[in-house]
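For reference, the structure is listed below as structure tokens.
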Amino acid sequence: MKSKVHQKREAVIKVENLSKNFKIPHEKTDTLRGSFVNLLKKKTYESFKALNKVSFEVKEGEFFGIIGRNGSGKSTLLKILAGIYGPDQGKVEIKGGVSPFLELGVGFNMELSGRDNIYLNGSVLGLKKKEIDEKYDAIVEFSELNRFIDQKLKNYSSGMQVRLAFSVAIYANKDILLMDEVLAVGDSNFQRKCLEEFQRYRKARKTVVLVSHDIDVARKFCDRILLLDKGRNIILDTADKAVNEYVKRNMIDEEKRFKKEKQSNKDDSKHTNKRGSDRDKLEITKVEFLDSSENPKQIFKTGEDIIARISYNAKEKIEKPIFGVGFYTPEGVYITGPNTQTSYFLIKKLAGKGFVDCTIIKNPFLGGTYQFTAAIFNTNGFLPYDFREREYEFTILENEKNQYGVIKLNHKWKHEKIEKPDLMVK
Ligand code: ADP
Ligand code: MG
């Protein structure tokens, strides 16, 4: 579906060392007295770099993605490409007409009807009235807003506004389409239509710049992706490489956040024993999740090995204990729960401290936070020494495309024709 990188084509967008600053007032005043005091003071501003020396080129006919966290500067960059903001430093060169679909409301008037907005926005995009007349029906049809076209825009839902804005942008038929989070709103049917339009654009050798927080969409459609972080370009590479870098960065950040949370939760970890147990004899002292190099982690990717390490302290000699684990969906639905007995893994004797590892080989879980139970039973399996029901959790990062549900099923397909009807045999 993707075309090869367009080395030979000319650059239609050239951005060099682009920086954009925003001024933010230094202090907020929430008292009356404060505002009087402030009248006397000179207002001070903090300069904030929304874009910091960003450089890249987009080639003719390329499907170019921009990804990054909230606040990384994606929309600001697109607005500069659309000519809505000027750059503070650096250069922006654009060859050809640009059709932007930006954040809601840009280039539209809430007090006007859908119909008037088509004309307003069309003319903002440089279309003559006659051209808009010709495209009008198609725009309305594409937007599926026939019945509402004479209502004021402010009475539209945000999804309806998006459909209208997107339809005008598409039918303006410019050389370069700038799309900011168009797929974030609107129903799946409309999203499909958008994606079809993108394909049509790409076939017509037009250029699409797509900003999306949906990395699956970006990966699927974009030839190359620019990853922004705090206004800087981090990587500009093939879609797969850029998305992987993004996922990796997010993972590291989430790990950090998790560690902080864990630290602050340390004191409320007074466990309650849900089933009657014999912790005085044998206790679970700790449960950890590790990666295959035995580094503690809280966030994993689908398909990675997860080691659940159950540390224990046996205060007396325990014969043939059974270690068990349980996995639950984020909603608390029990998925599965192997134990050492059903797995024929015999633990002869415990005394003192140690740990037992249960490795989930190539974990099948899809994105979400899973609950986890750890328990140790006596030989007959009825009485737990310690039973920590759903006291732990681990998270699977949402980075698998085209996978639905809770687990990724190890599976294959087969098709066999039993009968060949005459009409199909030539
Ligand atoms: P993104 O689209 O990646 O979420 P934005 O480009 O919207 O990021 O914003 C980048 C940063 O610039 C954010 O911290 C945002 O608060 C700030 N910002 C954006 N527009 C303005 C503005 N008009 N005035 C002040 N700050 C702004
Ligand atoms: Mg944005």
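The values are calculated or read from the model by the stated rules, or taken from the named source; none is laboratory data. Just so you know, these numbers come straight off a predicted model, no measurement behind them. Using ideal geometry, Cβ is built from the backbone for each residue, glycine included, and neighbour counts are taken over all protein chains shown. Ligands, DNA and RNA are stripped out before the accessible areas are found, and what is left, the full protein with its side chains, is counted by its heavy atoms. Shrake-Rupley method; radii C 1.70, N 1.55, O 1.52, S 1.80 Å.
Residue separation of Thr359 and Tyr404 scaled by 0.36 nm, minus their Cα-Cα distance, works out to 13.8 nm of gained length.
Relative contact order for the chain: 14 percent, from Cα pairs under 8 Å spaced at least 6 residues apart, divided by residue count.
On the basis of the beta-carbon distance and an R0 of 41 Å, Asp137 and His213 show a calculated FRET efficiency of 0.80. Taking the Cα centre of the chain as reference, the dipole from Cβ charges on Lys and Arg (+1) and Asp and Glu (-1) amounts to some 820 debye. DSSP beta bridges fully contained in the chain are about 75 percent antiparallel.
Where only DSSP H runs of four or more residues are counted, the chain gives -8000 deg cm²/dmol as its mean residue ellipticity at 222 nm, each run worth -39500 (n - 2.57). Among the protein heavy atoms, those of Lys401 account for about 90 Å² of accessible surface (1.4 Å probe, every chain in place). All Cα-Cα distances of the stretch 50-124, cut into 10 Å bins from zero to the largest, leave 14, 44, 30, 11, 0 percent in each bin in turn. A simple packing score, the average count of other Cβ atoms within 10 Å per residue, orders the peptides 223-230, 108-115 as 223-230, 108-115, with the highest score first. Taking a sphere under 13 Å around the Cβ of Gly352 and counting the other residues whose Cβ falls inside, with K and R at +1 and D and E at -1, yields a net charge of +3.
Computed over neighbours whose Cβ is under 15 Å from that of Gly90, the net charge equals +3, Lys and Arg +1, Asp and Glu -1. Principal axis extents of the Cα atoms in the chain, from largest to smallest and rounded to whole angstrom, are 93, 89, 46.
Of the cross-linked pairs Lys14/Lys203; Lys8/Lys230; Lys23/Lys59; Lys14/Lys220; Lys14/Lys130, which ones have a Cα-Cα span greater than 27 Å in the structure shown? Cα-Cα > 27 Å for Lys8/Lys230; Lys23/Lys59; Lys14/Lys130; rest within. Taking every alpha-carbon pair under 8 Å whose residues sit at least 6 apart, the stretch 92-154 reaches a relative contact order of 44 percent. In the structure shown, the pairs Lys95/Lys174; Lys79/Lys193; Lys281/Lys320 are assessed against 22 Å; a Cα-Cα span above that value is assigned to Lys79/Lys193. Which percent of the accessible heavy-atom area of the chain goes to carbon and sulfur, probe 1.4 angstrom? Using a 1.4 Å probe with all protein chains present, the chain comes out at 50 percent carbon and sulfur.
In the context of the full set of protein chains, residues of the chain present 58 Å² of accessible surface per residue (probe radius 1.4 Å, heavy atoms only). Count Lys and Arg as plus one, Asp and Glu as minus one, and take only other residues whose Cβ is under 9 Å from that of Asn313; the net charge is then +1.
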